[in-house]
1. Could you check segment 232-261 and list, in sequence order, the residues that are in contact (Cβ under 8 Å) with a residue 60 or more places away in the chain and either of a type in the set (A, V, I, L, M) or closer than 24 Å to K158 by Cα (or both)?
2. Search segment 248-266 for residues being under 17 Å from the mean Cα position of the chain (by Cα) and surrounded by fewer than 17 Cβ atoms within 10 Å (Cβ to Cβ), and hand back the single one that is nearest to Q233 (Cα to Cα).
3. If I filter segment 193-242 down to residues being modelled with pLDDT of 90 or more and of a type in the set (V, I, T), which single residue comes out as surrounded by the fewest Cβ atoms within 10 Å (Cβ to Cβ)?
4. Has segment 358-374 got any residue that is crowded, with 20+ Cβ neighbours inside 10 Å, modelled with pLDDT under 90, over 22 Å from N35 (Cα atoms) and of a type outside the set (S, T, Y)?
5. Go through segment 94-123 residue by residue and tally those that are touching a Gly at 6+ places or on another chain (Cβ under 9 Å), modelled with pLDDT under 85, surrounded by fewer than 24 Cβ atoms within 10 Å (Cβ to Cβ) and part of a helix (DSSP H, G or I).
6. Checking K214 against (1) more than 22 Å from the chain's Cα centre (by Cα); (2) touching a residue at least 60 places away in the same chain (Cβ under 8 Å); (3) on the phi < 0 side of the Ramachandran plot, which test does it fail?
7. Given the conditions (1) modelled with pLDDT of 90 or more; (2) within 30 Å of T118 (Cα to Cα), report the number of the one that P135 does not fulfil.
8. Give just the number: which of (1) on the phi > 0 side of the Ramachandran plot; (2) in a strand (DSSP E or B) does G275 not satisfy?
Amino acid sequence: MDRTLANTLVLSMVLGCSTALMDALVPNSREPVVNVAVVFSSSSYSLHIRSRLTYQSFLDMPLEIHPVTVVVNDTNPSTLLTQICDMLSSTKIHGIVFEDNIGTEAVAQILDFISSQTYVPIISISGGSAVVLTPKESGSAFLQLGVSIEQQIQVIFKVLEEYDWSSFAVITSLYPGYSIFLDVIRSFTDASYFGWEIQDVLTFEMTQDMSNSKLQKLLRQIDAQVMIVYCSQEEAEFLFQVAEQAGLIGPGYVWIVPSPTVGNMDVPPISFPIGLISVATESWKMSLRQKVRDGVAIIAVGAESYFKTHGYLPMVGRDCNSKTPSSVPTNTFYRHLLNVTWENRDFSFNKGGYLVRPTMVVISLNRHRLWEMVGKWEKGIIRMEYPVWPRYGSFLQPMSDNRHLTVATLEERPFVIVENTDPSTGVCVRNTVPCRKQTNSSE
């Protein structure tokens, strides 16, 4: 009898320890669980992400997260659509975090379409799908941790204004959104008091089918030394090859491109010229793991807000093949995702699905062929760390900073008339005496 009682006690202790261990390893089913699909666009992430991305990776989230890892090996439009729809039909998902650092220009349209049909929120985290969407699909809950073309152009003009590059040319391909790109540039120049001059506007199909001699002749007609380019990364490779042959690459020329043209920043194409200037979000050097956490956090915080309001989690999205209309308003959960604060960072989105108040950086391709931050744009003010151009000698060698001239003056009573800023515009009036306050500042 004593032996039986002892065995019973030992068994109870073992089962108790096993229960405690399982509680530590397995999500607590009594708490609300948010199912988040994390989709990676490359098989290179399969080995080290699949094994590490568990619910324990998100223990600091406001709600319990059950991550579902999906690796998309083929990113052509039809295959991508099929793979995501297959995942949604087999798993009940509250939201999707999409690692979109790829060169497929149709990714944004595909994700926007899937979200509108399934009512599943999709967060793109790498900015690769940040192309022009006009308009968004009705009912779409597609959000991008990137910046719109309009926001990038605003920063580009701040850079131009900082260095008094008032005259420039615009070169575009037929890449989706090029007409909007041109319209936004024209609206900036027309509404500004700065005195911008668009010397040339060239729009043509940048393909290998176009003869180099014809394109060189076209480029040589440009008189401007500052060129703003809008095209895909592949088209930019071809353009810069021909531009170099035409003698338009070097210290005497400034090339500026938005982030869709840069594409993947890890390995810049060999034809991209040293000194090339672009714009990126502040998270451009953030690790993939941190970007994933940001995307998951947006869904988790939004789900928590929804749970506090309604007392239950939002319904999971339907699959792509569902033909029955949803009885739940499509934008109920979506509204809770639009104003999220996480780790003291603001993730508020506008109606276009872009960040409302992003902090952007100005980057330049240095002589080591690495992207380097040369400036920062925040709250409407740009601060350049050092002169972007001219920074390279005749053979693209960096100029020594210790040879820069420094001018020091004694503080005396002013002997020059200094005007205040224009009260209506808040900026200095061109071609007048020095102004008391500058809109932009350089460090």
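1. S232, Q233, L239, G250, P251, V254, I256, P258, S259, P260
2. This residue is N264.
3. It comes out as V201.
4. yes
5. The qualifying residues number 1.
6. Among (1) more than 22 Å from the chain's Cα centre (by Cα); (2) touching a residue at least 60 places away in the same chain (Cβ under 8 Å); (3) on the phi < 0 side of the Ramachandran plot, K214 violates only (2).
7. Only one criterion in (1) modelled with pLDDT of 90 or more; (2) within 30 Å of T118 (Cα to Cα) is unmet by P135, namely (1).
8. With respect to (1) on the phi > 0 side of the Ramachandran plot; (2) in a strand (DSSP E or B), G275 is out only on (2).
The values are calculated or read from the model by the stated rules, or taken from the named source; none is laboratory data. These figures come from a predicted structure and were not determined experimentally. FYI the Cβ positions are ideal-geometry reconstructions off the backbone, even for glycines, and counts take in every protein chain you see.
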